[in-house]
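For reference, the structure is listed below as structure tokens.
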Amino acid sequence: METNRLLKRITQHQEMEALVVGQAIPNLQAGAKSLKRLKRLLHGMMRTINKPHALPEPLSLTALLFSRSNWPLVDEALDLMLECELVYIKNHAIHSPFTATCIDDIMIITDHDLPNDKQPQWFLDPLWEAPHLARYMIQPAPGFATLDVGSGCGVLALLSAKRNKASHVTGIDLNLRALDVGRFNALLNGLENIEFLKSDLFTSLKGLKFDLVFFNSPTDDEEKFETLLRSGSGILAEFFSALPEYLGENGYCQINFAVNESLADPFSDRLRKWLSVHSASTWQAHVYILEDRETKNSERWIRGWLTLRRGARGFFMSKHYQYDQLAYRASTEENINHIFDAMNNWSESGSYQIATDWWGG
Ligand SMILES: C[S@@+](CC[C@H](N)C(=O)[O-])C[C@H]1O[C@@H](n2cnc3c(N)ncnc32)[C@H](O)[C@@H]1O
């Protein structure tokens, strides 16, 4: 489209009130036909920008529109994005408070990344880790009830719903805006086996049991991070103490977490204590240590992806590759098989053990 024609179109639209990153909500009333077409257009436009084999990256909607090779699609895409309230026009310029990312053919709209001190109260995780986590998630079987705790823009819930349409997924969050953005993403991707509910951890789910529970927890380096509504290791204690009541007998839980770790107070001890609060079960755990560094007082800080289930008594922590290395090494299926093998072959006799490389030994 020629620049003049584009400018003319822009002025035809009434100036919308500025929508700000962390506050805008897409239009949940947009028609199914428009959404289907928009998803196809976004897909097509991304193909011209994304590098082959790279991990999916959130892309600014305005950058997508104005990438030179997307020029022929701009007219139609702009109309649809305006209808869905994903972009707005101000002072003859197009802006968008959202980004788009495509993982496994699921199109995910969420916020742009912002510095910690600039994140508004209703800010959504801009997919800091989800593209990596997507590679380690257990796939639901038909009939599975899956729960995504702290669903944010809905990314893990959407992936699960897409991976098995004969399963049901519930996404919960305390952030009301997250629930609406999750609902929009479900509509955009035509997924019907998914719902989003307000809940403070499990509190609105009394009496329910889930076969799969995912939680990309709002925990990071405690000295640097204090947002996403609630962060900090306290939430892990609450989550793991309640989990046994909501995880089905043969269920799996997968959680992305970050904690401080010391020989005097190892995370594995804390975890076992939390899990045993309301449950006589024994548990099996497998952790990919994804980041691991020394803290000021010579203790450690770790980030990991933990897979947990009831089972033979054992606690196995394996330090594995960094995210990116792992992402290039293996497919999701191989990763998950690796986790299952590690869990299934763990001997009952070694009731509790931490892999020696945990401490670099
Ligand atoms: C790290 S983000 C993960 C978002 C999304 N699952 C993802 O992977 O991009 C953590 C999410 O947990 C939510 N959260 C924080 N405290 C919560 C609580 N007590 N109950 C439910 N959700 C909570 C935040 O609002 C945020 O959306």
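The values are calculated or read from the model by the stated rules, or taken from the named source; none is laboratory data. Bear in mind the structure is a predicted one, so any value in this text is a computation, not a measurement. Virtual Cβ from ideal backbone geometry, glycine too; neighbours counted across all protein chains shown.
From the list L176, L188, exactly one residue is over 21 Å from N256 (Cβ atoms) and more than 13 Å from the ligand (Cβ to nearest atom). Which is it? Please lay out each step first, then the result.
On the way: L176 fails: more than 13 Å from the ligand (Cβ to nearest atom).
L188 is the lone residue from the list that is over 21 Å from N256 (Cβ atoms) and more than 13 Å from the ligand (Cβ to nearest atom).
If we only count strands (runs of 3 or more DSSP E) wholly inside region 49-106, which ones have 2 or more residues that are modelled with pLDDT of 90 or more?
Working: elements: 88-90, 93-95, 98-103.
The qualifying strands (runs of 3 or more DSSP E) are 98-103.
Is it the case, given these coordinates, that P126 is outside any strand (DSSP E or B) and either more than 14 Å from the ligand (Cβ to nearest atom) or at pLDDT below 90 (or both)?
Values: outside any strand (DSSP E or B): yes; either more than 14 Å from the ligand (Cβ to nearest atom) or at pLDDT below 90 (or both): no.
Answer is no for this residue.
Can you tell me which condition T307 does not meet? The list is (1) part of a loop (DSSP other than H, G, I, E, B); (2) modelled with pLDDT of 80 or more, and all the others hold.
Of (1) part of a loop (DSSP other than H, G, I, E, B); (2) modelled with pLDDT of 80 or more, only one is false for T307: (1).
Would you be able to tell me the number of residues in region 176-193 that are buried (at least 22 other Cβ atoms within 10 Å of the Cβ), within 15 Å of the chain's Cα centre (by Cα) and touching a residue at least 40 places away in the same chain (Cβ under 8 Å)?
Of the residues in region 176-193, 3 are buried (at least 22 other Cβ atoms within 10 Å of the Cβ), within 15 Å of the chain's Cα centre (by Cα) and touching a residue at least 40 places away in the same chain (Cβ under 8 Å).
Six or more apart or on different chains, Cβ under 6 Å: which pairs go from a residue in region 103-130 that's without any contact (Cβ under 8 Å) to a residue 24 or more places away in the chain to one that's within 13 Å of the ligand (Cβ to nearest atom)? Could you list them?
That search, which allows pairs on different chains as well, returns nothing.
Taking the condition at pLDDT below 95, crowded, with 16+ Cβ neighbours inside 10 Å and away from the ligand (no atom under 13 Å from the Cβ), does N260 pass?
Here the answer is yes, as N260 does meet what is asked.
Which condition number does L80 fail, the rest of (1) within 12 Å of the ligand (Cβ to nearest atom); (2) without any contact (Cβ under 8 Å) to a residue 60 or more places away in the chain being met?
It fails just one condition, (1).
If D148 passes every condition in (1) surrounded by fewer than 22 Cβ atoms within 10 Å (Cβ to Cβ); (2) under 26 Å from Q23 (Cβ atoms); (3) among the charged types (D, E, K, R) but one, which one does it miss?
(1)
Looking only at region 135-164, count how many residues are more than 9 Å from the ligand (Cβ to nearest atom) and either charged (D, E, K, R) or not in a helix (DSSP H, G or I) (or both).
The number of residues fulfilling the criteria is 16.
Hey, could you check region 194-211 for residues that are within 17 Å of S167 (Cβ to Cβ) and more than 14 Å from the ligand (Cβ to nearest atom) and say which is surrounded by the most Cβ atoms within 10 Å (Cβ to Cβ)?
The residue in question is F210.
Within 16 Å of the ligand (Cβ to nearest atom) and assigned by TED's automatic domain parsing to the domain that holds L42, is that true of C102? Don't jump to the end; show me each part of the working.
Numbers: within 16 Å of the ligand (Cβ to nearest atom): yes; assigned by TED's automatic domain parsing to the domain that holds L42: yes.
Considered against the rule, which asks whether it is within 16 Å of the ligand (Cβ to nearest atom) and assigned by TED's automatic domain parsing to the domain that holds L42, C102 comes out as yes.
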